[in-house]
Amino acid sequence: MDVGKIPEGKYTADKTIDANGNVVMPGLINAHHHLYSTFARGFSPPGEPATNFQEILEKLWWKLDLALNEEDVYYSALIAIMHAARAGCTTIIDHHASPSCADGSLDLIEEVFREVGLSGCLCYEVSDRNKKGERIEENERFAKKCEASDDHQMSALFGMHALMTLGTETLERCADVGHGLGIGFHVHVAESEDDLQVTFKKYQRRVMDRFLEFGLLGEKPIFVHGIHFEAREMDLLKSSDSMLVNNPESNMNNGLSVTPILEMLQRGVTVGLGTDGMSSHMISQARAMYLLQRTYRRDPRVAFVESAEILLKNNRKICNRVFKEPRGLLERGYLADIIIPEYVPFTPP
Ligand SMILES: [Zn+2]
């Protein structure tokens, strides 16, 4: 991208857009999504409704992802990525699971990103829930493919579900392979109390101590949720320069608690924003973020500016750690991912 007064004749264009009077801004970035969740919308699992998070996983998500075939993976991604494009989002960091058709599933999703023209950072969710260390190879294969690619539209992280479904042997293998590839990890943490309780009962560790034990903290890993962190765990995020992604609509939908993002920001933690499969709409997610924080803190003064900064600055920072091409700013040398959203102000500017 080039910006400012351009010398005549430097570029030619097939199409020129006159955006005078409109808002022109960098494309939005989604720092945590589950494209495979698309067909869960409006769907209620048979039987008694889930009463807690573990039951939501067992009755809905772990049945849905097991049922996905290749066509489902493709169309789930296509619908969600098209929605993202229409909502001004140009880059998505995704976390995928489809155990019945895992091999090559990340290639199918890549195909959709290329068809629609968005950028994607992909990973496969390793866990021990169906088979020990399931699909470590899919992460490894896709990361190597991205590294060898001539363009940088796609990138890779090493995906893991959460500590409550990852045993010691699997964590060791994930750490070995991920570190060998030189990529970061993308994992849920402290989303519900179950994650803490299982980890403490089995290993006598707090969740972030368990990640620390395997060398999984650092500037590239993305930790998702962090609802039940104690102060020391937030300090660990900061001291290791690790990133934390908040997903308020998903947390509310699951009847969970609230991530203390304002406390994390005060400590200097890089807090980002994702949709966690709820939608592909980042503006509505940012709106939910500040409204939920105001409710949580019972303070109408907080979180509006923070939410905007998280959406526009922190997500850019996160994304620029996992993609080779800089994006998220209207500056020379950055990707020309530009959006011109419709904006009719209620009061004259
Ligand atoms: Zn998630």
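Checking D209 against (1) assigned to a strand (DSSP E or B); (2) of a type outside the set (V, I, T); (3) farther than 28 Å from E249 by Cβ: exactly one of these is not met. Which one?
Tallying (1) assigned to a strand (DSSP E or B); (2) of a type outside the set (V, I, T); (3) farther than 28 Å from E249 by Cβ, D209 fails exactly one: (1).
Could you give me the residue pairs with C-beta distances under 6 Å whose first residue belongs to segment 68-92 and is more than 11 Å from S280 (Cβ to Cβ), whose second residue is β-branched (V, I, T) wherever it lies, and which are 6+ apart or on separate chains?
Within 6 Å, the pairs are S76/T38; L78/V112; T91/I29.
List every residue pair whose Cβ atoms lie under 7 Å apart, where the two residues are 6 or more positions apart in sequence or sit on different chains, the first residue falls within segment 297-318 and is touching a residue at least 12 places away in the same chain (Cβ under 8 Å) and closer than 25 Å to D241 by Cβ, and the second residue, located anywhere, is among the small types (G, A, S) and part of a helix (DSSP H, G or I).
Close Cβ pairs (under 7 Å, with a partner that is among the small types (G, A, S) and part of a helix (DSSP H, G or I)) amount to S307/A286; A308/A286; L311/A286.
How about segment 188-228: which of its residues are among the hydrophobic types (A, V, I, L, M, F, W, C) and out of contact with any Asp or Glu (no Cβ under 9 Å at 6 or more places or on another chain)? Step through it out loud before you land on a result.
Within segment 188-228, the subset among the hydrophobic types (A, V, I, L, M, F, W, C) is 189-190, 196, 198, 200, 207-208, 211-212, 214, 216-217, 222-224, 227.
Passing the criteria: L196, V198, F200, F211, L212, L216, I222, F223.
Give F223, F214 a once-over and let me know the one that is within 24 Å of N320 (Cα to Cα) and aromatic (F, W, Y). If you could, list the steps in order and put the result at the bottom.
Details: F214 fails: within 24 Å of N320 (Cα to Cα).
The unique qualifying residue is F223.
Does at least one position in segment 38-50 carry a residue that is of a type in the set (D, E), without any contact (Cβ under 8 Å) to a residue 40 or more places away in the chain and either within 16 Å of the ligand (Cβ to nearest atom) or surrounded by 15 or more Cβ atoms within 10 Å (Cβ to Cβ) (or both)? Walk me through how you get there before you give the answer.
Residues of segment 38-50 of a type in the set (D, E): 48.
Those still in the list that are without any contact (Cβ under 8 Å) to a residue 40 or more places away in the chain too: 48.
When the remaining residues are screened for being either within 16 Å of the ligand (Cβ to nearest atom) or surrounded by 15 or more Cβ atoms within 10 Å (Cβ to Cβ) (or both), the result is none.
Checking segment 38-50: not a single residue is of a type in the set (D, E), without any contact (Cβ under 8 Å) to a residue 40 or more places away in the chain and either within 16 Å of the ligand (Cβ to nearest atom) or surrounded by 15 or more Cβ atoms within 10 Å (Cβ to Cβ) (or both).
Collect the residues in segment 158-173 that are within 19 Å of the chain's Cα centre (by Cα) and hydrophobic (A, V, I, L, M, F, W, C), keeping them in residue-number order.
Within segment 158-173, F158, M160, A162, L163 qualify.
Quick one: is L60 of a type in the set (A, V, I, L, M, F, W, C), without any contact (Cβ under 8 Å) to a residue 40 or more places away in the chain, within 16 Å of the ligand (Cβ to nearest atom) and assigned to a helix (DSSP H, G or I)? Walk me through how you get there before you give the answer.
Details: of a type in the set (A, V, I, L, M, F, W, C): yes; without any contact (Cβ under 8 Å) to a residue 40 or more places away in the chain: yes; within 16 Å of the ligand (Cβ to nearest atom): yes; assigned to a helix (DSSP H, G or I): yes.
Yes: the conditions hold for L60.
Which ones in segment 245-270 are within 13 Å of the ligand (Cβ to nearest atom) and within 16 Å of the chain's Cα centre (by Cα)? Step through it out loud before you land on a result.
First, the residues of segment 245-270 that are within 13 Å of the ligand (Cβ to nearest atom): 245-251, 253-254, 256, 259.
Within segment 245-270, V245, N246, N247, P248, E249, S250, N251, T259 qualify.
So, of the residues in segment 271-296 that are of a type in the set (A, V, I, L, M, F, W, C) and either within 16 Å of V245 (Cβ to Cβ) or within 15 Å of the ligand (Cβ to nearest atom) (or both), which turns out to be surrounded by the fewest Cβ atoms within 10 Å (Cβ to Cβ)?
Taking segment 271-296 first, the residues of a type in the set (A, V, I, L, M, F, W, C) are 271, 273, 278, 282-283, 286, 288-289, 291-292.
Next cut, either within 16 Å of V245 (Cβ to Cβ) or within 15 Å of the ligand (Cβ to nearest atom) (or both) only: 271, 273, 278, 282, 286, 288-289, 292.
Details: V271: 27, L273: 26, M278: 23, M282: 25, A286: 22, A288: 22, M289: 25, L292: 20.
My answer is L292.
Does segment 96-126 hold any residues that are hydrophobic (A, V, I, L, M, F, W, C) and either closer than 25 Å to D176 by Cβ or buried (at least 24 other Cβ atoms within 10 Å of the Cβ) (or both), and which are they?
Narrowing segment 96-126 to residues hydrophobic (A, V, I, L, M, F, W, C): 97, 101-102, 106, 108-109, 112-113, 116, 118, 121-123, 126.
A97, A102, L106, I109, C121, L122, C123, V126 - these are the residues of segment 96-126 that are hydrophobic (A, V, I, L, M, F, W, C) and either closer than 25 Å to D176 by Cβ or buried (at least 24 other Cβ atoms within 10 Å of the Cβ) (or both).
From S44, S119, S127, which residue is more than 21 Å from P221 (Cα to Cα) and among the hydroxyl-bearing types (S, T, Y)?
Details: S119 fails: more than 21 Å from P221 (Cα to Cα); S127 fails: more than 21 Å from P221 (Cα to Cα).
Just a single option satisfies the conditions, and that option is S44.
Given the criteria under 19 Å from the mean Cα position of the chain (by Cα) and either within 21 Å of L118 (Cβ to Cβ) or hydroxyl-bearing (S, T, Y) (or both), does S155 qualify? I'd like the intermediate steps shown before the answer.
Values: under 19 Å from the mean Cα position of the chain (by Cα): yes; either within 21 Å of L118 (Cβ to Cβ) or hydroxyl-bearing (S, T, Y) (or both): yes.
When the stated conditions are applied, S155 passes them.
Need pairs with beta-carbon distance below 6 Å; first residue among the acidic types (D, E) and assigned to a strand (DSSP E or B) and within segment 235-263, second within 16 Å of the ligand (Cβ to nearest atom) and at pLDDT below 95; sequence gap 6+ or separate chains.
none
Condition first: assigned to a loop (DSSP other than H, G, I, E, B) and either more than 25 Å from D276 (Cα to Cα) or more than 16 Å from the ligand (Cβ to nearest atom) (or both). Now tell me which residues in segment 189-206 satisfy that. Reasoning before the result, please.
As a first pass, look at segment 189-206 and keep what is assigned to a loop (DSSP other than H, G, I, E, B): 190-192, 204-206.
If the condition is that a residue be assigned to a loop (DSSP other than H, G, I, E, B) and either more than 25 Å from D276 (Cα to Cα) or more than 16 Å from the ligand (Cβ to nearest atom) (or both), then Q204, R205, R206 are the ones that fit.
Please work out which residue is nearest to K220 (Cα to Cα), limiting yourself to segment 167-188 and to residues that are small (G, A, S) and assigned to a loop (DSSP other than H, G, I, E, B). Lay out the reasoning, then the answer.
So in segment 167-188, the residues small (G, A, S) come out as 167, 175, 178, 180, 182, 184.
Checking which are assigned to a loop (DSSP other than H, G, I, E, B) leaves us with 167, 182, 184.
On the way: G167: 22, G182: 9, G184: 4 Å.
Selected residue: G184.
If you scan segment 132-146, which residues turn out to be part of a loop (DSSP other than H, G, I, E, B) and at pLDDT below 90? Explain how you work it out, then say what you get.
Of all residues in segment 132-146, those part of a loop (DSSP other than H, G, I, E, B) come to 132-133, 135.
Hit for segment 132-146 is G133, nothing else.
The values are calculated or read from the model by the stated rules, or taken from the named source; none is laboratory data. A quick note: this is a predicted structure, and the numbers were derived from the prediction, not measured. Positions of Cβ are generated from backbone atoms using ideal geometry, with glycine treated the same way; all protein chains shown enter the neighbour counts.
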